[in-house]
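Colleague: Handing you this structure, nothing more for now.
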Amino acid sequence: MKAIVIDPQKKELRDIEISGDKLQAYYENIGCSTVTAVNAQFMVNGEIIHATIWVDDEGLFVEDQSYWFSNQYPYPLAGKGILVGFEAETGDCIDAPVCAEDFKRDCSVTFLAQ
């Protein structure tokens, strides 16, 4: 499954491929043991996309945490995020509907200082 890692510590977005156990891949790429899903819609390349961003469920309790936000989502998010597509009819996670470069450009991803 195609996904995007949003890494505020490195101040970068990168495309990744997730195979096998999705939940374990989220834990490994985020660096945590519990995750929570943030469902959102974004306008990218002139189209509305449905996405799920997986983040550390305990990210607000991490010392020296880094944050990031998008101009299309009203709240900053703590730590790394994994963006994947969201199938509204089934609730399934699917391939990210865009690449990291397009998401960063159209959604104005901004990294906040620690």
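The numbers here are math on the coordinates, done by the rules we state, and not lab data. Predicted, not measured: the structure shown is a model, and the values here were computed from it. Ideal geometry is used to build each Cβ from the backbone, glycine not excepted, and the neighbour counts take in all protein chains shown.
Colleague: Going by the conditions given, is Ile94 in contact (Cβ under 8 Å) with a residue 60 or more places away in the chain, among the aliphatic types (A, V, I, L, M) and more than 17 Å from Asp7 (Cα to Cα)? I'd like the intermediate steps shown before the answer.
Modeller: Values: in contact (Cβ under 8 Å) with a residue 60 or more places away in the chain: yes; among the aliphatic types (A, V, I, L, M): yes; more than 17 Å from Asp7 (Cα to Cα): yes.
Judged against the criteria, Ile94 is a match.
Colleague: So Val55 fits all but one of (1) in contact with a His (Cβ under 6 Å, 6 or more places away or on another chain); (2) in a strand (DSSP E or B); what number is the exception?
Modeller: For Val55, the failing item is (1).
Colleague: Just name the residue that is farthest from Pro74 (Cα to Cα) out of those in segment 1-54 that are without any contact (Cβ under 8 Å) to a residue 40 or more places away in the chain, surrounded by fewer than 14 Cβ atoms within 10 Å (Cβ to Cβ) and hydrophobic (A, V, I, L, M, F, W, C).
Modeller: Applying the filter and picking the extreme gives Leu23.
Colleague: Still on this structure: Which residues, counting only those in segment 75-96, are part of a loop (DSSP other than H, G, I, E, B) and over 12 Å from the mean Cα position of the chain (by Cα)?
Modeller: Our first condition is that a residue be part of a loop (DSSP other than H, G, I, E, B); within segment 75-96, this holds for 75-76, 79-80, 87-92, 95-96.
Within segment 75-96, Tyr75, Glu87, Ala88, Glu89, Thr90, Gly91, Asp92, Asp95 qualify.
Colleague: Which number in (1) surrounded by 14 or more Cβ atoms within 10 Å (Cβ to Cβ); (2) over 22 Å from Cys107 (Cα atoms) marks the one condition that Asp64 misses?
Modeller: Status for Asp64: all satisfied but (1).
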